[in-house]
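K.L.:
Before I ask anything, let me first share the structure, which is written out below as structure tokens.
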Amino acid sequence: MEVTLEREPRADYAAIVEDEFLSSRNRGVGIARHFPWLLSPCEGIGYAYLLDGSSLVGGLSIVDCTERMARREPRTSAVGLVCIARNRRGEGLSRLLLSETVRRSRDDGIGALTLWTDKRDVYRRHGFVLADDSLFGWVRAVHRDPQSAMRFIKRPINGRIPAFAAAGYELVSDGYGCSVLEDRHGAILAGWHGTDEQVCELLRVAMPNEWRMNATSDDSLPTSLRARGYVVELVRNKLQMWLSLDPGFTAEALSKSCRFSVLDRV
């Protein structure tokens, strides 16, 4: 059994990803929309492949996200799409894949690894620590009057969308806007830019009576929405984990030195 680090995406790895993260969960709209880097090489993205002889039995994606870190240090990679072929699960192969990826990353001078998962115990065995200040939950309008002179454009998100989403679009007005995802439960506010006053007005006009939002603990928009009569019920996501490979940085410090939107997660 061998782990190789490569820059080229492989069709057999893409097939395992499609089975694990899309088909088996009856979600998504295809590899190209959710994981385009699996179809052609992309700058800053690499792969760890687990090979049994000449057969690929698992893999993961490694995305350089150093530029998101404060002062661009330490060198940081996000790990995602960790998967093992269906007929080889239960053999402890993901443990081997992750252990070797961590070792190679440390040897290559990577200072931190991060990932998003709800299987926290799996990654704690490799030293990852939960450090996530992101929030998620429902927003409900007590009173909504969609009649407004505000003009905005609704257009598709130009880029990838998460695997849980069936669609994504942007609501854009004069110098401000929002990114919105759609899943089987409805609309999700994924990001925004502009003043709270501008964004609140756009959301009042463009969003349904009930929707969900992603935010962080230091975002002021949830408070502004409450001040305008919205019921906002957000809880901690508890999804992002960090592994510090540099003794000069703790997981908590790493989590505070950068910010990932839901559209940035691997």
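K.L.:
Determine the pairs where a residue that is within 15 Å of ALA215 (Cβ to Cβ), located within the range 230-255, has a partner that is at pLDDT 95 or above and hydroxyl-bearing (Ser, Thr, Tyr) with Cβ atoms under 7 Å apart, the partner being 6 or more residues away or on another chain.
P.N.:
LEU239/THR117; GLN240/THR114
K.L.:
Follow-up. Determine whether the range 206-222 contains at least one residue that is at pLDDT 95 or above, part of a helix (DSSP H, G or I) and either assigned by TED's automatic domain parsing to the domain that holds TRP138 or not acidic (Asp, Glu) (or both).
P.N.:
yes
K.L.:
Any idea which of (1) at positive phi; (2) touching a residue at least 60 places away in the same chain (Cβ under 8 Å) is the one GLY90 doesn't satisfy?
P.N.:
(2)
K.L.:
Specify the residue that is farthest from MET241 (Cα to Cα); the eligible residues are those in the range 99-119 that are within 19 Å of the chain's Cα centre (by Cα) and at pLDDT 95 or above.
P.N.:
Out of the qualifying residues, it is ALA112.
The values are calculated or read from the model by the stated rules, or taken from the named source; none is laboratory data. Because the structure is predicted, anything quoted here is derived from the model rather than measured. Cβ coordinates were reconstructed from backbone atoms using ideal geometry, including for glycine residues, and neighbour counts include every protein chain displayed.
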